[in-house]
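> Got a structure here, written out as structure tokens. Questions coming.
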Amino acid sequence: MKKRFILLSVTLMALAPVCFAQASPAKPAKSASNETAITDLEKSAWESYKNKQPAAFKKLLWKDYYGEYAEGVKNLDGEVADMAKTDLREYSLSDMKVVFDSSDVVLVTYKTTMQGASEGKDISGTYNSASIWMKKGRKWLEVFHMLVKTQ
């Protein structure tokens, strides 16, 4: 009995550091070049939308993409369908902040100022915008976008 107790105690002491060790989380891959790549992708999405280029736009979005707007939630097909109904004449993106949650997930926040109309309704104004990009394989794809008009 004593031998078992000693063996169990020694085993527990040897395994304790392994059991209680916490793997340190992977350092987010934050660098100026990574930030630039993500902001360039965000700008490309806006530019392809403005220029009504659905194929180029869809290449930037994940198949299960969702967008959150005042009028409701849109999936990828709804977003592309609205592109045909929207006349985005001008836009500018400012105050961009890029936050790497991990090496595969990025949050981008910024202000959007735009001039345009959708289905004949004026959508001009300043908006708070946010997008989430995820790395799928070797490619960054936008999985979520939100646009909220400022007061």
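The values are calculated or read from the model by the stated rules, or taken from the named source; none is laboratory data. The structure presented is a predicted model; accordingly, all values stated were derived computationally and were not measured. All Cβ positions, glycine included, derive from the backbone under ideal geometry; neighbour counts span all protein chains shown. SASA here: full protein model, heavy atoms, side chains in, ligands and nucleic acids out. Shrake-Rupley method; radii C 1.70, N 1.55, O 1.52, S 1.80 Å.
> Could you calculate the contour length gain from T36 to V148, that is, 0.36 nm times the residue separation minus the distance between their Cα atoms, to one decimal place in nm?
Additional length available on full extension: 37.9 nm.
> Calculate one ³J(HN,Hα) per residue across region 54-70 by plugging θ = phi - 60° into the Karplus curve 6.51 cos²θ - 1.76 cosθ + 1.60, and present them in order as whole Hz with x for glycine and proline.
Once θ is set to phi - 60°, the couplings for region 54-70 become x, 5, 5, 5, 5, 5, 8, 10, 6, 4, 9, 5, 9, x, 10, 9, 4 Hz.
> Could you give the length gained on full extension between L93 and K111, defined as 0.36 nm per residue of separation minus the Cα-Cα distance, in nm?
Extending this stretch completely gives an extra 5.9 nm.
> Still on this structure: What residues have an amide H closer than 5 Å to that of I123, excluding those fewer than 5 places away on the same chain, when H is modeled at 1.01 Å from N in the peptide plane?
Residues meeting the criterion, in which the H sits 1.01 Å from N, are G116, A117, S118.
> Quick check: from the Cα gyration tensor, does region 78-151 come out rounded (a/c under 1.5), prolate or oblate?
Oblate shape, in that a/c is at least 1.5 and b/c is the bigger or equal ratio.
> Here is a follow-up. Under the classification rounded if a/c is under 1.5, otherwise prolate if a/b is larger than b/c and oblate if not, where does region 33-100 fall, given a ≥ b ≥ c as square roots of the Cα gyration tensor eigenvalues?
prolate
> Quick one: which of 129-136, 34-41 comes out on top by average Cβ neighbours within 10 Å, and what's the full order, highest first?
Packing proxy ranking, top to bottom: 129-136, 34-41.
> If you don't mind, there's one more thing I want to ask. With a Cα-only, solvent-free Debye model of region 27-151, what are the log10 I(q)/I(0) values at q = 0.13 Å⁻¹?
-0.50
> Let me ask you something else. At 7 Å along the Cα-to-beta-carbon direction for both K136 and S103, put a label point, then send me their distance in nm to one decimal.
2.1
> Sticking with this structure for a sec: Using packing as a proxy for protection, rank 106-118, 86-98 so that the peptide with the highest average count of other Cβ atoms within 10 Å comes first.
Going from most to least packed, we get 106-118, 86-98.
> Of all accessible surface on region 69-151 at a 1.4 Å probe, what whole percent is carbon and sulfur?
Reported share for carbon and sulfur atoms: 51 percent.
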